[in-house]
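Readers should treat all values here as calculations from the given coordinates under stated rules, not as data from a laboratory. All of these numbers come straight from a predicted model, not from anything done at the bench. When we count neighbours, we look across all protein chains shown, and the Cβ atoms used for this are built from the backbone with ideal geometry, even at glycine.
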Amino acid sequence: MAGFAPRRWLLAEAESLRPAVFLDRDGTIAEEVGYLNHVSRFRMFPFAAQAILQLNHAKLPVIVITNQSGVARGYFPESLVGAVHELMTTQLAKEGAHTDALYYCPHKGDDACACRKPKPGMLERAAREHGLDLRRSFVVGDRYGDIELAHRVGARAILVRTGYGEGEIRWHSANWPVPPDFIADDLAAASEWIVRQPK
Ligand SMILES: [Mg+2]
Ligand SMILES: [Zn+2]
């Protein structure tokens with residue numbers, strides 16, 4: 001029954017795509033400090049490592065997606081984004097946690113790139129490179145742009161109250177076209193919610 005083989009193969013391909021958790025960096029994993037233009041300004045939230053560890057244990061790839069327009073604006077060199085990621089990786093490793101990848105947009109708003117959030121370029125590239133199913137994935141962030149990004153790719157959206165989150169809720173929630181799927185106090189509460197969701 002040679003005719004069955006291609007169908008089985010296609011099914012296996014679709015099933016191999018995994019959901020992932022996309023995390024904003026500033027205001028979500030670490031303090032929002034404006035332009036993080038030196039590693040000395042990086043302050044990871046005390047709960048971030050355990051929250052990410054919970055996602056690691058749930059076998060969900062954790063992918064950081066961050067807009068870093070300070071590069072295009074000339075506020076800091078592109079290498080700083082990597083240096084901050086290295087510092088974050090070291091701090092996470094002390095608690096046994098890890099992220100699986102980091103994507104950043106170095107452009108500014110008027111550069112007309114495809115990657116600056118809420119544009120979905122970083123998620124689409126991550127999906128190709130890591131075999132991810134965006135529609136079963138999650139996006140966690142502290143700005144409405146992170147929520148909009150999730151909606152654009154059909155992912156579930158979680159807004160955290162840390163960083164810009166509380167102000168986004170206070171001053172803008174009445175005008176949100178589509179609300180987040182969940183509002184979490186912080187990344188710890190977001191992770192707890194995510195691991196309880198049906199796969
Ligand atoms: Mg943020
Ligand atoms: Zn970009």
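Couple of notes before you dig in:
- Among the residues making up segment 52-73, a single one is of a type in the set (A, V, I, L, M), in a helix (DSSP H, G or I) and over 13 Å from the mean Cα position of the chain (by Cα): Leu53.
- Test for Ala93: is it of a type in the set (A, V, I, L, M, F, W, C), touching a residue at least 24 places away in the same chain (Cβ under 8 Å) and more than 16 Å from ligand 1 (Cβ to nearest atom): no
- Residue within segment 85-104 that is within 11 Å of ligand 2 (Cβ to nearest atom) and within 16 Å of the chain's Cα centre (by Cα) present: yes
- Taking the conditions (1) touching a Pro at 6+ places or on another chain (Cβ under 7 Å); (2) crowded, with 18+ Cβ neighbours inside 10 Å in turn, Cys105 satisfies each one other than (1).
- Val84 vs. criteria aliphatic (A, V, I, L, M), surrounded by 15 or more Cβ atoms within 10 Å (Cβ to Cβ) and in contact with a Leu (Cβ under 6 Å, 6 or more places away or on another chain): no
- With respect to the conditions (1) crowded, with 17+ Cβ neighbours inside 10 Å; (2) in contact with a helix residue (DSSP H, G or I) (Cβ under 8 Å, 6 or more places away or on another chain); (3) assigned to a helix (DSSP H, G or I), Ala189 lacks only one, and its number is (2).
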